[in-house]
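Notes follow once the structure below has been shown.
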Amino acid sequence: MKQLSMIGVPMDLGQMRRGVDMGPSAIRYAGVLERLEEIGYEVEDLGDLPIEKNSRLLQKQQPDYHHYQAVKQVNEKLAHQVSSIFQNKRFPLVLGGDHSIAIGTIAGAASHFQRLGVIWLDAHGDVNTKETSPSGNIHGMPLAISLGYGDQGLTSIYGTSAKVRPEDVVLIATRELDPGEKMFLKKHRIKVFTMHEIDLLGMPEVMKQTVDYLKHCDGVHLSFDLDSLDPDEAPGVGTPVNGGLTYRESLIAVELLHRENIITSAEFVEVNPILDERNKTAEKTVDLISSLLGEKLL
Ligand SMILES: NC(=[NH2+])NCCC[C@H](N)C(=O)O
Ligand SMILES: [Mn+2]
Ligand SMILES: [Mn+2]
């Protein structure tokens, strides 16, 4: 039987809009456990990581890195958890929370592979550093941090060196980048399939090229930001950007990843139930998780 461990990270401190801390609850409520068991997984739900919810602490901010200490501590814990899930030979599924949790997930996963590839499905690049970030929100920085760029306290979580190499990263569904992020992606020659390429090539071709591009990696982490979908389809996200993926494009993307059997860990982030309509974003998240892990109609 296929074995999977699921962990929730109910944290919204990587950005300034409250609400994504309720993401793990909304995804559980939408039936993720039952759906995975139906596909034949033995699912261990590790519950949620403890997160500081003290409102005084929430008011204290560091202008460059909002809620720096809290974000750092949560990611340190998460990296350990993800690593021990791998040690137990189980598939780690992480439910966010804001996208800053990718720092911990990727750090934990990277320690189990020679070359960890990362597929970053997101409207955004999340490759800001303190110098380029317009907001000081750490959820706009996790990919840069995993590549070894940014605050040393964050880049050195669970291992001092860079966790992934620029040539092992693929961004998909990108459509909003800050000026410094454009420079970063060009400088490091990172593979990006913007919405333009998706319109031009179609999602199946984009996924085919992605899988081919990462074929030298011995593990691949999928970091799925729900704002990659169009806000009409997934309104419950903190930073919506028009012109995104249709539900069907997002489904074929994960279905093809399942067929290629390359994903070794996954996280689904940025679901904000406060902004959602009747939990439809969390319900689509569960559809995406199930399809990634092998759910079939027939
Ligand atoms: N994970 C996300 N939704 N990131 C949005 C980042 C937005 C913007 N680029 C920033 O740095 O603040
Ligand atoms: Mn993101
Ligand atoms: Mn995003």
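Residues in the range 151-181 that are of a type in the set (Val, Ile, Thr), under 16 Å from residue 83 (Cα atoms) and surrounded by 17 or more Cβ atoms within 10 Å (Cβ to Cβ): 157, 164. The requirement of being at pLDDT below 95 and crowded, with 21+ Cβ neighbours inside 10 Å is fulfilled somewhere in the range 231-246, by at least one residue. Cβ-Cβ distances below 6 Å connect the following pairs, each with a first residue in the range 170-199 that is at negative phi, a second residue that is charged (D, E, K, R), and a separation of six or more residues or different chains: 170/191; 195/175.
Is it the case that residue 131 is under 26 Å from residue 20 (Cβ atoms), within 14 Å of ligand 1 (Cβ to nearest atom), within 19 Å of the chain's Cα centre (by Cα) and acidic (Asp, Glu)? Criteria not met by residue 131.
A single member of 116, 147 is surrounded by fewer than 24 Cβ atoms within 10 Å (Cβ to Cβ), among the aliphatic types (A, V, I, L, M), within 20 Å of residue 213 (Cβ to Cβ) and away from ligand 3 (no atom under 12 Å from the Cβ), and it is 147. Look at the range 264-278: where a residue is within 21 Å of residue 81 (Cα to Cα) and a partner is at pLDDT 95 or above and surrounded by fewer than 16 Cβ atoms within 10 Å (Cβ to Cβ), sitting 6+ places away or on another chain with Cβ atoms under 9 Å, you get 264/218. Only one of the numbered conditions (1) over 26 Å from residue 149 (Cα atoms); (2) assigned to a helix (DSSP H, G or I) is not met by residue 210, and that is (1).
For first residues located in the range 137-162 and at pLDDT 95 or above and outside any helix (DSSP H, G or I), partners that are within 16 Å of ligand 2 (Cβ to nearest atom) and among the acidic types (Asp, Glu) and lie 6+ apart or on another chain with Cβ distances below 9 Å form the pairs 137/98; 141/126. Note on the range 222-239: residues that are farther than 12 Å from residue 122 by Cβ and touching a Pro at 6+ places or on another chain (Cβ under 9 Å) amount to 4. Restricting the first member to the range 210-228 and to residues that are buried (at least 24 other Cβ atoms within 10 Å of the Cβ), and the second to residues that are of a type in the set (Phe, Trp, Tyr), the beta-carbon pairs closer than 7 Å and six or more apart or on different chains are 223/120; 224/268; 226/268.
Scanning the range 247-278 for residues being outside any helix (DSSP H, G or I) and either within 16 Å of ligand 1 (Cβ to nearest atom) or more than 21 Å from residue 19 (Cα to Cα) (or both) gives a total of 13.
The values are calculated or read from the model by the stated rules, or taken from the named source; none is laboratory data. Everything numeric in this text was worked out from a predicted model, so none of it was measured. We place every Cβ from the backbone using ideal geometry, glycine too, and count neighbours over all the protein chains shown.
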